[in-house]
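Scroll down for the structure; my scribbles are underneath it.
The values are calculated or read from the model by the stated rules, or taken from the named source; none is laboratory data. Only a predicted model underlies this, so the values are computations on that prediction, with no experimental measurement involved. Neighbour counts are summed over all protein chains in view; Cβ atoms, including those assigned to glycine, are modelled from backbone coordinates with ideal geometry. What goes into the accessible areas is simple: the full protein's heavy atoms, side chains included, and nothing from ligands, DNA or RNA. Shrake-Rupley method; radii C 1.70, N 1.55, O 1.52, S 1.80 Å.
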Amino acid sequence: MADSSCSLPPLYENISYKSYILRAVDLTILGLLFSLLLHRILYMSQNGIIWLVAFLCESCFSFVWLLSTCTKWSPAETKPYPDRLDERVYDLPSVDMFVPTADPVREPPIMVVNTVLSLLAVNYPANKLACYVSDDGCSPLTYFSLKEASKFAKIWVPFCKKYNLKVRAPFRYFLNPFAATEGSEFSRDWEMTKREYEKLCRKVEDATGDSHLLGTDNELEAFSNTKPNDHSTIIKVVWENKGGVGDEKEVPHIVYISREKRPNYLHHYKAGAMNFLARVSGLMTNAPYMLNVDCDMYANEADVVRQAMCIFLQKSQNQNHCAFVQFPQEFYDSNTIKLTVIKSYMGRGIAGIQGPINVGSGCFHSRRVMYGLSPDELEDNGSLSSVATRELLAEDSLSSGFGNSKEMVTSVVEALQRKPNPQNILTNSIEAAQEVGHCDYESQTSWGKTIGWLYDSMSEDMNTSIGIHSRGWTSSYIAPDPPAFLGSMPPGGLEAMIQQRRWATGSIEVLFNKQSQSLSSFIVSCLHIAYSTTLPYFPRDFVLA
């Protein structure tokens, strides 16, 4: 809970980057472009087909340029002050962290493991965090790697917090030699931790080459006779934090899940996986905030969760304005200069209008908003209005919207009413969690329609965020230095072309669906189409099997 005192400094401030000089330059360029097009039109009849082709090309260029100018007209971002949280907040809210993966070949388990380890080690009370790994490939190798990583996490997390490491993904941290006096405590801890990490890597690598090394663990029986597109729901509590006091030596919850998939049922790709994550986490921990991170985007800033909480927890007259907080995608293994256009225009630019769109990773969501809540259904203090309470919490409304699971309905009510999270034993919720993972659970419900991640487009991230904005919510954009998340770029060639086609197709679907009702959504969709057909590389965004 946050302190309501107004005498304390704010937890964040909005920074505007608009320049009247650049605006004047843009208006001048716009006038010149219109003059050129008018000149083409007036003298079209006096020239041949080449003149017409030139007019069409220049019109397309002017249209894209105009859209780009609209986004950079009022660029802005949010600057958080996480060091002020301790003064303002005496009970930090819980956060459920989602890491989806689908293919152990394209997304090697050791990469997934490093992303998970970086999230477990962030500067946030361990008893307030839970990490859920969604494996749509139903791979025993991914589960085995995660189980081995949970053992190493008991060494890695205390080591990171004890010495306040800046980089908390082991594979990146151990690239650089340490600077410490030989024989010192840090030197001994560093060498021991590195040895344990190398053991982890060898185990994962050996198991990758020889499946017999996965062991004869009874828990692996659930993976027998399974196929990526044909298997039952699997939920495993890899590690449960039973300390519950947030000690620096504690490790957050780790849960492995793989939803049921059958050949004759639509699984809705990543959006379906994210909705299953929302349901399972709602049953087990039901944190008011959720973070989704691609399996190749590790946490590069230890205070990233605190930075997002600065936005959500700031007391103001419009405290319920922010639906999600988006961090930009940045990369450590490629030249990403060409992505500056997306970062500058689509990030800061749209942030100056109604807020940035969700880019599929590095985004903190409010659970209540993802459950379909609108700003006009809230009182000034953030509680549900009397009308919303009658309509949203009616038994018929809940069952038709969220499904027939009584446990799921109970968790939804608790989330909407902002009730504190009960310290339940995670394993007690496995049976209910398996129920909400059945292929036909979402049938005749609002999942993917008005609740959770939406199903109307291949670009589920953009589609969902535009739907959130259309209900009246805003979002915030934070671009810290160093970057909050860093990931790997996909190789060029066929994979890059497939990614560009997927982005362009998804953007076209968003452009013409019912969510695109505002000017900002129209601009975003058109720019995505333009950029996805011109930029040679795009961030990795896996295609689920």
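Residues of the stretch 91-299: accessible area per residue at 1.4 Å, in Å²? Don't jump to the answer; show the numbers that get you there.
Details: 8300 Å² over 209 residues.
On a per-residue basis, 40 Å².
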> Which whole-Hz couplings ³J(HN,Hα) result when phi for each residue of the stretch 383-389 is put into the Karplus expression 6.51 cos²θ - 1.76 cosθ + 1.60, θ = phi - 60°, listed in order with x for Gly and Pro?
Replying inline: 7, 5, 5, 5, 5, 5, 4
> Just the Cα atoms of the stretch 27-76, one point each, no solvent: what log10 I(q)/I(0) does Debye give at q = 0.18, 0.20, 0.24 Å⁻¹?
Replying inline: -0.60, -0.69, -0.87
>> Heavy atoms of the protein only, probe of 1.4 Å, neighbouring chains included. What is the accessible area of Ile110 in Å², nearest 10?
In response: 50
>> Can you give me the solvent accessible area of Glu77 with a 1.4 Å probe, rounded to the nearest 10 Å²?
In response: 20
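Using a 1.4 angstrom probe on the protein heavy atoms only, could you order Thr28, Thr71 from most to least accessible area?
Working: Thr28 85, Thr71 0 Å².
Listed by decreasing accessible area, they come as Thr28, Thr71.
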> Arranged from highest to lowest average of other beta-carbon atoms within 10 Å per residue, in what order do the peptides 471-484, 127-140 appear?
Replying inline: 127-140, 471-484
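Enter the mean projected area of the convex hull around the alpha-carbon atoms of the stretch 1-146, in nm², rounded to one decimal. Kindly include the intermediate steps, with their values, before the conclusion.
Values: hull surface 66.1 nm².
Convex hull of Cα atoms, orientation-averaged projection: 16.5 nm².
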> Once amide H atoms are built 1.01 Å from N in the peptide plane, which residues 5 or more positions from Gln314, or in another chain, come under 5 Å H to H?
Replying inline: none
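Taking 18 Å as the cut-off for C-alpha to C-alpha distance, list the pairs among Lys162/Lys194; Lys79/Lys419; Lys203/Lys249; Lys162/Lys249; Lys128/Lys449 that go past it.
Checking Cα-Cα distances, Lys79/Lys419; Lys203/Lys249; Lys128/Lys449 exceed 18 Å.
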> Is the shape of the stretch 201-277 rounded, prolate or oblate, going by the alpha carbon gyration tensor and its root eigenvalues a ≥ b ≥ c, with a/c under 1.5 for rounded and a/b larger than b/c for prolate?
Replying inline: oblate
> Tell me, what is the 1.4 Å probe accessible area of Glu391, in Å² to the nearest 10?
Replying inline: 110
> Which loop trypsin sites (Lys or Arg not before Pro) in the stretch 144-176, with loop taken from DSSP, have no more than 16 other Cβ atoms within 10 angstrom of their Cβ?
Replying inline: Lys166
>> Given a Förster distance of 60 Å, report the FRET efficiency between Asp380 and Gln46 from their Cβ-Cβ distance, rounded to the nearest 0.05.
In response: 0.40
>> Tell me the Kirkwood radius of the stretch 91-299: reciprocal of the mean inverse pair distance over distinct alpha-carbon atoms, in Å.
In response: 17.7
>> Using amide H atoms built in the peptide plane, which far-off residues or other-chain residues are under 5 Å from Asn300 H to H?
In response: Phe485, Leu486
> At a 1.4 Å probe radius, carbon and sulfur cover how many percent of the accessible area of the stretch 243-327?
Replying inline: 44
> In sequence order, what are the phi-derived ³J(HN,Hα) couplings for the stretch 260-266 according to the Karplus relation 6.51 cos²θ - 1.76 cosθ + 1.60 with θ = phi - 60°, rounded to whole Hz, with x for glycine and proline?
Replying inline: 5, 9, 10, x, 8, 10, 6
> Over the stretch 91-299, what is the mean sequence separation of C-alpha contacts under 8 Å (at least six apart), divided by residue count, expressed as relative contact order in percent?
Replying inline: 40
> What are the residues whose amide H is under 5 Å from the amide H of Ala76, where those residues sit 5 or more places off or on another chain and H is modelled from the backbone?
Replying inline: Tyr17, Gly349, Ala351, Gly352
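Ignoring ligands, DNA and RNA, how do Ser45, Ser411, Ser224 rank by accessible area with a 1.4 Å probe, largest first? It would help to have the intermediate numbers written out before the result.
Details: Ser45 110, Ser411 5, Ser224 65 Å².
Solvent-accessible surface, decreasing: Ser45, Ser224, Ser411.
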> Expressed as a whole percentage, what fraction of the accessible surface of the stretch 27-76 belongs to carbon and sulfur atoms when a 1.4 Å probe is rolled over the protein heavy atoms?
Replying inline: 79
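Accessible area per residue of the stretch 27-76 at 1.4 Å probe, in Å²?
Values: 3230 Å² over 50 residues.
For the stretch 27-76, the per-residue accessible area is 65 Å².
In Å², and per residue, what accessible area does the stretch 390-474 have when probed at 1.4 Å with the other protein chains present? Numbers along the way, then the final one.
Numbers: 4110 Å² over 85 residues.
Accessible area per residue: 48 Å².
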> Where does each of Ile254, Ile430 land when they are ordered by accessible area, with a 1.4 Å probe and the largest first?
Replying inline: Ile430, Ile254
